[in-house]
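The values are calculated or read from the model by the stated rules, or taken from the named source; none is laboratory data. Values in this document were obtained by computation on a predicted structure and should not be read as measured data. Counting neighbours? That spans all protein chains shown, and the Cβs are built from the backbone with ideal geometry, glycine included. Ligands, DNA and RNA are excluded from the accessible area calculation, which covers all protein heavy atoms including side chains. Shrake-Rupley method; radii C 1.70, N 1.55, O 1.52, S 1.80 Å.
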Amino acid sequence: QVQLVESGGGLVQPGGSLRLSCAASGSTFSIYAMAWHRQAPGKQRELVANIRSGGSTNYADSVKGRFTISRDNAKNTVYLQMNSLKPEDTAVYYCNAATPYGVIWGQGTQVTVSS
């Protein structure tokens, strides 16, 4: 089984930056892709970015050029560097991992962009 723990959320002013971390533990060898999603109040959860085992990445149009997903295989950790944050980026951010046994989700971390 795989466990995920997110960290790095918080309150930031518009235009600021945050870096989210998602640390995986357990059967990490089974993970073939990881992703960040977010869910704002009253809205559906949406994909923000993903990264596959080969290193390829995809981003939602709304975050392209501002967010960067990366990973440190030695630490079994995926990061989401968020720059030029906007109030509309306010949401709970969730990490997930795709495995042959299903998709595993973390508990989420709150990001609030406000002056």
Revision key, fill the gap. Taking alpha-carbon centroids only, the stretch 13-63 lies from the stretch 69-115 a number of Å equal to 4 Å
Exercise for review: Obtain the nm distance between the two label points defined at Lys75 and Arg19 by a simple spin-label model: each point lies 7 Å from its Cα along the Cα-to-C-beta direction.
Suggested key: 0.7 nm
Check your understanding: Between exposed trypsin sites (Lys or Arg not before Pro) in the chain, where DSSP calls loop and at most 16 other Cβ atoms lie within 10 Å, what's the longest gap?
Key -> 67-115
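Considering only the other residues whose Cβ falls under 13 Å of the Cβ of Asn83, what net charge follows from Lys and Arg at +1 and Asp and Glu at -1? Working shown, then result.
Details: positive: Arg19, Lys64, Arg66, Lys86; negative: Asp89.
It works out to a net charge of +3.
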Study note, to complete from the structure: Heavy-atom accessible area of the chain with neighbours in place, 1.4 angstrom probe: carbon+sulfur share in percent works out to 48 percent
Study note, to complete from the structure: Of the stretch 27-51, those with amide N under 20 Å from the point 7 Å along the Cα→Cβ vector of Lys86 are 36-50
Practice item. Starting from 0 in steps of 10 Å, tell me what percent of the Cα-Cα pairs of the stretch 65-115 lands in each bin. Key: 20, 46, 27, 6, 0
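With viscosity set to 1.306 mPa s at 10 °C, what whole-number translational diffusion coefficient in µm²/s follows for the chain from Stokes-Einstein and a Kirkwood radius over Cα pairs?
On the way: Rh = 14.1 Å.
Rounded, D is 113 µm²/s.
Could you work out the relative contact order of the stretch 9-115, using alpha carbon pairs under 8 angstrom and six or more residues apart, expressed as a whole percent? Could you put the intermediate results ahead of the total?
Working: 225 pairs, mean separation 40.3, N = 107.
Worked out over the stretch 9-115, it gives 38 percent.
Quick check for me: using +1 on Lys/Arg Cβ and -1 on Asp/Glu Cβ, what's the dipole size of the chain about its Cα centre, in debye to the nearest 20? Show your work: numbers first, answer last.
Values: 10 positive and 6 negative charges, 20 e Å.
With Lys and Arg at +1 and Asp and Glu at -1, about 100 debye.
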Point to revise | Residues of the chain: accessible area per residue with a 1.4 Å probe, Å² | key: 52 Å²
